[in-house]
1. Quick one: in region 149-168, of everything that is in a strand (DSSP E or B) and without any contact (Cβ under 8 Å) to a residue 24 or more places away in the chain, which residue is farthest from the chain's Cα centre (by Cα)?
2. Mind checking whether some residue in region 72-85 is more than 17 Å from residue 172 (Cβ to Cβ), modelled with pLDDT of 95 or more and over 15 Å from the mean Cα position of the chain (by Cα)?
3. Could we say that residue 156 is at positive phi and of a type in the set (Lys, Arg) here?
4. Quick check on region 169-187: of everything there that is assigned to a loop (DSSP other than H, G, I, E, B) and without any contact (Cβ under 8 Å) to a residue 60 or more places away in the chain, which residue is nearest to the chain's Cα centre (by Cα)?
5. Need the failing condition index for residue 109 against (1) basic (Lys, Arg); (2) crowded, with 20+ Cβ neighbours inside 10 Å; (3) more than 19 Å from the chain's Cα centre (by Cα), just the number.
6. Without any contact (Cβ under 8 Å) to a residue 24 or more places away in the chain and within 22 Å of the chain's Cα centre (by Cα): does that describe residue 136?
7. In region 170-187, what residues are aliphatic (A, V, I, L, M) and surrounded by 18 or more Cβ atoms within 10 Å (Cβ to Cβ)?
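The values are calculated or read from the model by the stated rules, or taken from the named source; none is laboratory data. These figures come from a predicted structure and were not determined experimentally. Backbone-built Cβ (ideal geometry, glycine too); neighbour counts: all protein chains shown.
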Amino acid sequence: MRAALLIIAIVLGGCTYERVVGRRAPLAGLPGAESSSEYNNYHLREMQDPTVSNAVELVIEQPDGSVILRSPSGRHLMVHIYTTIEAGDKELFTDQLLSEITRREFYDRGYDPGHAFDELVRRQDDVFKLFARMPQGEYTPGIMWTNMGQKTMRLKVNGQAARDLRWNFMDMVLEHGNWKLRWFGRS
């Protein structure tokens, strides 16, 4: 009987239970932040950056040298708008970034949709200032994401962050799985 109890004690004594507790001190992760508790990244291992798009290439080069721009998020649309303005690429902007409804409005008023690009180049300081206030697009803290109907969304900067902006929102339309620019405005 003693031998059996000894064997059971040895077997049970070898079993251990380990529990990992992730603990994060307030403000941990900020540059220069110090804490008496140990900081770990257990909580970050499961998180994924919502702005990273591994499933879709954002710029697809065609064999003929042309490119196709993909904008699966508002942030990607902002990047494409910025780069086409910087590169002065009116045709790429008009063909691939300007929404069909906005292009149609330009035609209905007797204007070429290329004038939309010219206006953005003229007001590029306003565009870039707005983009600087929402660097992560719809994932920027404090940005209002509003459904405007018919696959149209508004990204809007509010409060103190918007006080010196001439444009404080960007409207975008979902067309064939990509966000396209509807236009900018102030409200």
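1. Kept after step one, since they are in a strand (DSSP E or B), are these residues of region 149-168: 149, 152-156.
Still in the running and without any contact (Cβ under 8 Å) to a residue 24 or more places away in the chain: 149, 154.
Working: 149: 20, 154: 13 Å.
Among residues in region 149-168 that are in a strand (DSSP E or B) and without any contact (Cβ under 8 Å) to a residue 24 or more places away in the chain, the one farthest from the chain's Cα centre (by Cα) is 149.
2. Among the residues of region 72-85, not one is more than 17 Å from residue 172 (Cβ to Cβ), modelled with pLDDT of 95 or more and over 15 Å from the mean Cα position of the chain (by Cα), which makes the answer no.
3. Working: at positive phi: no; of a type in the set (Lys, Arg): yes.
Criteria not met by residue 156.
4. 176
5. Among (1) basic (Lys, Arg); (2) crowded, with 20+ Cβ neighbours inside 10 Å; (3) more than 19 Å from the chain's Cα centre (by Cα), residue 109 violates only (2).
6. no
7. Within region 170-187, the first condition is being aliphatic (A, V, I, L, M), and the residues that meet it are 170, 172-174, 181.
Scanning region 170-187 gives 170, 172, 173, 181.
The rows are residues; the columns are (1) of a type outside the set (S, T, N, Q); (2) under 18 Å from residue 174 (Cβ atoms); (3) modelled with pLDDT under 95.
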| position | (1), (2), (3) |
| --- | --- |
| 19 | yes, no, yes |
| 51 | no, yes, yes |
| 70 | yes, yes, no |
| 99 | no, yes, no |
| 104 | yes, yes, no |
| 110 | yes, no, no |
